[in-house]
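The values are calculated or read from the model by the stated rules, or taken from the named source; none is laboratory data. Being a predicted model, the structure only gives us computed values, none of them experimental. Because the Cβ atoms are built from the backbone with ideal geometry, glycine has one as well, and the counts that use them run over all protein chains shown. All accessible areas refer to the heavy atoms of the entire protein, side chains included, with ligands and DNA or RNA removed. Shrake-Rupley method; radii C 1.70, N 1.55, O 1.52, S 1.80 Å.
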Amino acid sequence: MVNEIQKASLSTRLGIPMIYGIDAVHGHNNVYNATIFPHNVGLGVTRDPKLIKKIGEATALEVRATGIPYAFAPCIAVCRDPRWGRCYESYSEDHSIVQAMTEIIPGLQGDLPANSRKGVPFVGGKTKVAACAKHYVGDGGTTKGINENNTVISSNGLFSIHMPAYYNSIIKGVSTVMVSYSSWNGKKMHANRELVTGFLKKQLRFRGFVISDWQGIDRITSPPHSNYSYSVEASVNAGVDMIMVPYNFTEFIDILTSQVKSNIVPISRIDDAVRRILRVKFIMGLFENPLADFSLTNQLGSKEHRELAREAVRKSLVLLKNGKSASQPLLPLPKKATKILVAGTHADNLGNQCGGWTIAWQGLNGNDLTVGTTILNAVKNTVDPTTQVVYSETPEADFVKSNKFDYAIVVVGEPPYAETAGDSLNLTIAEPGPSTMKNVCGVVKCVVVVVSGRPVVIEPYVATVDALVAAWLPGTEGQGVADVLFGDYGFTGKLARTWFKTVDQLPMNVGDKHYDPLFPFGFGLTTKGKY
């Protein structure tokens, strides 16, 4: 598909190649058989920029494997409220962790050559992709975490919390910046000339191009598209260089052309946009190599990349509780047992494990979406061959009582979601999750593994469970969960988000005056592993 688009553009008068981009936000997540890495909320836990850089390198290879040269990643939002449906796309509530994780950019794009000019984009050849820092700026700070809404904060707050990672990204040569749907103090970011042209382009000396979000300019007005000529004028004059117009592009072209002819949009603004887009295309090597390199196809879902994802899963798990008392830890679990129970809606469900932005935009339920290892299969792969593993998704208490299990692993959590569909004011684990925990943990020693895109309400269950693990959204390599549960590797993860007691406390972030969490930022018990 990409080659067909390229051949068409190369046959035009000037032969300028197209730039095709894709949302590769946790690996090349739209493509069957690609390696799906943990979502950013889990990667922040690792506090391991070198690992994140390797994930960027692997993702670039898998994106290039399908002929695509541009990824709309990383999301460097600082999620300040877990009610936001995109919170899992954010590495942390703490901007310093988000800043450290911008190391994914040299992974995706390649290391900047020595003495590069600050702010000039860089892409290091055919195995690398152009990256995109998003969503500029303040997307993680909206009121009540409502997606695309209004971030009410002083300029001091905006520049000290939400802006720092953009500074790091630009120093690392990021090629593009995507503007946020959200507003800052009532002003839509897609129309904010002071921040897009004034700060990003002039003060930070960013030399790549600024891209709108999907139908982002339409949403400058409410309802969207109700005054499209104003949307075109306001966004282009604000400094947006490339506009995502998924459907009626002729309308956009006609309006912009007439606005340039009548000098509503100055030709100097068009020249700036074209200069920036061409600069990125030249730096990427698109003119020399516009077509796909078929020698890279074997990179998709490669063994090395899956091993890397498995390591990322191990390092992203956070052990929140281990045993009813510290002197009697439950984890690591013994591999050799007579009979064990694996239960819960998320134990044998690859779609739930991967979350949103996986094959489909909202994610998918079940095991036929792509290739991977569920937590149940990981457990079966790990225990001693003599250990009987019984799987029951939603067991009744009587069943658990009558079976004399040595211990149980209960895996529950959130269904997949993306963007606004994930906005939640209650953050509860839906049934049958709570019933399964009650039916199992009331009877037998149990470890509960929570698969979620953010902290959820777990305070009511903590006392009844023996051990509790936050697994976030681990992706396709569920084997990493079993690696740590059974002690081949130790738990090392530390919360990069505050775990609240009740939603009434939100927003609550580390450093707040009335900070009273269930588990504080930076918390995480450790265990020793063999490796």
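Judged by the mean number of other Cβ atoms found within 10 Å, the most tightly packed of the peptides 269-277, 43-51, 158-166 leads the ranking 43-51, 158-166, 269-277. How big is D for segment 210-357, in µm² s⁻¹ as a whole number, if Stokes-Einstein is applied with the Kirkwood radius of its Cα pairs at 10 °C and 1.306 mPa s? For these conditions, the coefficient is 74 µm²/s. Measuring nothing but how far apart in sequence close Cα pairs (under 8 Å, 6+ apart) lie, relative to its length, segment 303-519 scores a relative contact order of 31 percent.
Taking the Kirkwood radius as Rh and the Cα radius of gyration as Rg, segment 463-531 has a ratio of Rg/Rh equal to 1.04. Of the solvent-accessible surface of segment 303-519, computed with a 1.4 Å probe and all protein chains present, 52% belongs to carbon and sulfur.
Model label sites at TRP214 and LYS126, defined 7 Å from Cα along the beta-carbon direction, differ in position by 3.1 nm.
In the chain, Cα pairs under 8 Å separated by at least six residues give a relative contact order of 18 percent. According to the Kirkwood relation over distinct C-alpha pairs, the hydrodynamic radius of segment 290-343 is 15.6 Å. Helical runs (DSSP H, four residues minimum) scored at -39500 (n - 2.57) apiece and divided by the length of the chain put the mean residue ellipticity at 222 nm at -8000 deg cm²/dmol.
Compactness of segment 73-166 was expressed as the Cα radius of gyration divided by 2.2 N^0.38 Å, which yields 1.17. Here's the picture: charge each Lys and Arg Cβ at +1 and each Asp and Glu Cβ at -1 in segment 197-263, and of ALA234, GLN203, PRO246 the one pushed furthest to the positive end of that dipole is GLN203. When both segment 132-191 and segment 462-478 are represented by their alpha-carbon centers, they are found 31 Å apart.
The packing ranking of peptides 144-151, 169-176, 523-530, highest mean first, is 169-176, 144-151, 523-530, where packing means the average number of other beta carbon atoms within 10 angstrom of each residue.
Ignoring lysines fewer than eight residues from LYS53 along the same chain, the ones with Cα atoms less than 24 angstrom from its Cα are LYS118, LYS126, LYS128, LYS134, LYS172, LYS281, LYS303, LYS315, LYS494.
Considering all different alpha carbon pairs of segment 167-252, the Kirkwood hydrodynamic radius works out to 13.1 Å. By the rule of a second cysteine Cβ within less than 4.7 angstrom, the chain holds isolated cysteines at CYS75, CYS132, CYS354.
The shape of segment 303-519 comes out rounded: with a ≥ b ≥ c from the C-alpha gyration tensor, a/c is under 1.5. In this calculation the C-beta distance from ARG13 to ASN365 is compared with R0 = 51 Å, giving a FRET efficiency of 0.60.
With a 1.4 Å probe and all protein chains in place, put MET18, MET101 in order of accessible area, largest first. Working shown, then result.
Working: MET18 95, MET101 0 Å².
Ranked list, largest accessible area first: MET18, MET101.
With the charge dipole of segment 369-494 set up from +1 on Lys and Arg Cβ and -1 on Asp and Glu Cβ about the Cα centre, the Cα lying farthest toward the positive end among the listed residues PRO455, LEU485, ALA471 is that of LEU485. For the chain, the Cβ-based charge dipole about the Cα centre amounts to some 1340 debye (Lys, Arg positive; Asp, Glu negative; other atoms uncharged). Each Lys or Arg adds one and each Asp or Glu takes one away; over the other residues whose Cβ falls under 10 Å from the Cβ of GLU419, this sums to -2. Helix 49-65 and the long axis of the chain differ in direction by around 60°, with both axes built from C-alpha atoms.
Label-to-label distance for MET1 and HIS514 is 4.9 nm, based on points extended 7 Å past Cα in the beta-carbon direction.
Taking the average, over residues, of other Cβ atoms within 10 Å as the packing measure, peptides 425-437, 209-221 rank 209-221, 425-437 from highest down.
What net charge is computed for the residues neighbouring THR142, neighbours being all others with C-beta under 9 Å from the C-beta of THR142, Lys and Arg scored +1, Asp and Glu -1?
Residues near THR142 contribute -1 overall.
Applying 1/(1 + (r/R0)^6) with R0 = 51 Å to the Cβ-Cβ distance of ASN33 and LYS528, what FRET efficiency is obtained, to the nearest 0.05? FRET efficiency, ASN33 to LYS528: 0.90.
Heavy-atom accessible area per residue, the chain, 1.4 Å probe: how many Å²?
Numbers: 20410 Å² over 531 residues.
Using a 1.4 Å probe on heavy atoms only, each residue of the chain averages 38 Å².
What residues of segment 456-488 lie in the reach of a label at LYS336, counting those whose backbone N is under 20 Å from a point 7 Å from the Cα along Cα→Cβ? In segment 456-488, the label zone of LYS336 (backbone N under 20 Å from the point 7 Å along Cα→Cβ) covers 483-488. Take the Cβ-Cβ distance between ASN227 and ARG275 as r, set R0 to 30 Å, and report the resulting FRET efficiency rounded to the nearest 0.05. Given R0 = 30 Å and the Cβ-Cβ separation, E is 0.55. Accessible area ranking (1.4 Å probe, heavy atoms, ligands and nucleic acids excluded), largest first, for ARG310, ARG13, ARG205: ARG13, ARG205, ARG310. Cα centroids of segment 80-129 and segment 292-350: how far apart, whole angstrom? Cα centres, segment 80-129 to segment 292-350: 25 Å. Can you tell me the 0 to 90 degree angle between the C-alpha axis of helix 228-238 and the longest principal axis of the chain, rounded to 10? Approximately 90 degrees, to the nearest ten.
Both radii were evaluated on the Cα set of the chain; the Rg over Rh quotient, with Rh as the Kirkwood radius, amounts to 1.00.
Tilt of helix 267-284 relative to the longest C-alpha principal axis of the chain, in degrees (0 to 90, nearest 10)? With rounding to tens, the tilt is 50 degrees. Centre-to-centre separation between the Cα atoms of segment 243-285 and those of segment 504-531: 46 Å. Dipole orientation for the chain: of the candidates LEU376, ILE104, GLY442, ILE104 has the Cα lying most toward the positive pole (charges on Cβ; Lys, Arg +1; Asp, Glu -1).
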